[in-house]
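Structure first, then comments.
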Amino acid sequence: MQQGDFIWCELMTPDAKAAEGFYREVVGWTADDTSVEGMAYTTFKAAGVPVAGLMELSAEMRDAGASPGWIGYVYVDDVDATARRVTELGGLVHRAASDIPSIGRFAVVAAPDGAAFALFKPNDDDGPTRQRMVPGHVGWHELMAGELDAAFAFYAELFGWVRTEAIDMGPMGTYQIFAPRDGGDAIGGMMTRLPEMPASFWLYYFNVEALDSALERVTAGGGTLINEPMQVPGGAWIGQCLDPQGAMFALVALRR
């Protein structure tokens, strides 16, 4: 793992048990109870490899305005120093750096445009192996930014991300693909959010074997398809969805 790698995804939801069943069915994950020291936690696995986590939103969190959603964790060498750098660059620290016993150190922050993400340094620097297009793994990380160039400058300064291919989306603007370092594989894309989007946010794409059957499982399980399936450059197919508790996520597959 190196600075700027996405290494974890986590769902905060008001009904953890229902969400667990939904994602097990849709994505094909298994789920283990990995609670520690009074903190209830579920780890999703793909073929035995930990890929994502699940926590229940407490009543206090909901009263404070927290809503269902996925958040991505980015590996950093020093959580405290990186959190300070976030504020120096105009962002916010939502949760100050703290330790997760026996797991690692983390902080929850936001970019200047409000898009939230987490900083993380695990105690075990080996971490799980990421396989971008393998079913069950996180296949893509996408930012709907307040303004593309300003957002990219923030993340480039914070993590050292580099631009790769820029795709002209016509009236929608430029979709900028990025990698965590020169010569590295692309891990995501970002663009200026559309006018109808009220806020900036990160969206996480989970790999499935075939898109259409996975989307059928989404609706059968009480979720909602936001957009019709779309083929993207490179040939993969994507679909964007809401789970039954209202958290947004996306699916990606090499075939429909």
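The values are calculated or read from the model by the stated rules, or taken from the named source; none is laboratory data. The shown structure was predicted, so the numbers you read here are calculated from the model rather than taken from an experiment. In this analysis, Cβ positions are derived from the backbone assuming ideal geometry, glycine residues included, and neighbour counts consider all displayed protein chains. Calculation scope for accessible area: heavy atoms of the full protein, side chains included, ligands and nucleic acids excluded. Shrake-Rupley method; radii C 1.70, N 1.55, O 1.52, S 1.80 Å.
The accessible area of LEU92, taken with all protein chains in place and a 1.4 Å probe, comes to roughly 100 Å².
Once Rg and the Kirkwood radius are both taken over the C-alpha atoms of segment 5-122, their ratio Rg/Rh works out to 0.97. Note on the chain: with a GNM built from Cα contacts shorter than 10 Å, the maximum mean-square fluctuation among MET144, MET61, MET191 falls on MET61.
Measuring gaps between exposed loop sites in the chain (GluC sites (Glu not before Pro); DSSP loop; at most 13 other Cβ atoms within 10 Å), the longest gap, sites not included, is 38-195. Taking the protein heavy atoms of segment 137-253 in the context of the full set of protein chains, the accessible area attributed to carbon and sulfur is 54 percent at 1.4 Å. When only the Cβ of Lys, Arg, Asp and Glu is charged (+1, +1, -1, -1), the dipole of segment 5-122 relative to its Cα centre reaches about 120 debye.
The Stokes-Einstein estimate for segment 137-253, based on a Kirkwood radius over Cα pairs and taken at 4 °C with 1.567 mPa s viscosity, is a diffusion coefficient of 86 µm²/s. One equal scatterer on each Cα of the chain, no solvent, Debye formula: the resulting log10 I(q)/I(0) at q = 0.08, 0.11, 0.13 Å⁻¹ is -0.29, -0.57, -0.83.
Computed from the C-beta positions of ILE103 and GLU228 and an R0 of 30 Å, the FRET efficiency is 0.15 to the nearest 0.05.
Of the accessible area of segment 5-122, with the probe set at 1.4 angstrom, what percent is carbon plus sulfur? Working shown, then result.
Numbers: 2720 of 5260 Å².
Percent of accessible area from carbon and sulfur atoms in segment 5-122: 52.
Think of the chain as a dipole: +1 on every Lys or Arg Cβ, -1 on every Asp or Glu Cβ, centred on the Cα centre; then among ALA40, ILE103, TYR175, TYR175 lies furthest on the positive end. In the chain, helices alone account for a calculated mean residue ellipticity at 222 nm of -5500 deg cm²/dmol, with every DSSP H run of four or more residues adding -39,500 (n - 2.57). For segment 86-172, the per residue solvent-accessible surface stands at 48 Å², with DNA, RNA and ligands left out and a 1.4 Å probe.
When the scattering of segment 208-256 is computed by the Debye formula from its Cα atoms alone, each counted once and equally, what is log10 I(q)/I(0) at q = 0.13, 0.29 Å⁻¹? Treating every Cα as an identical point scatterer, log10 I(q)/I(0) equals -0.25, -1.07.
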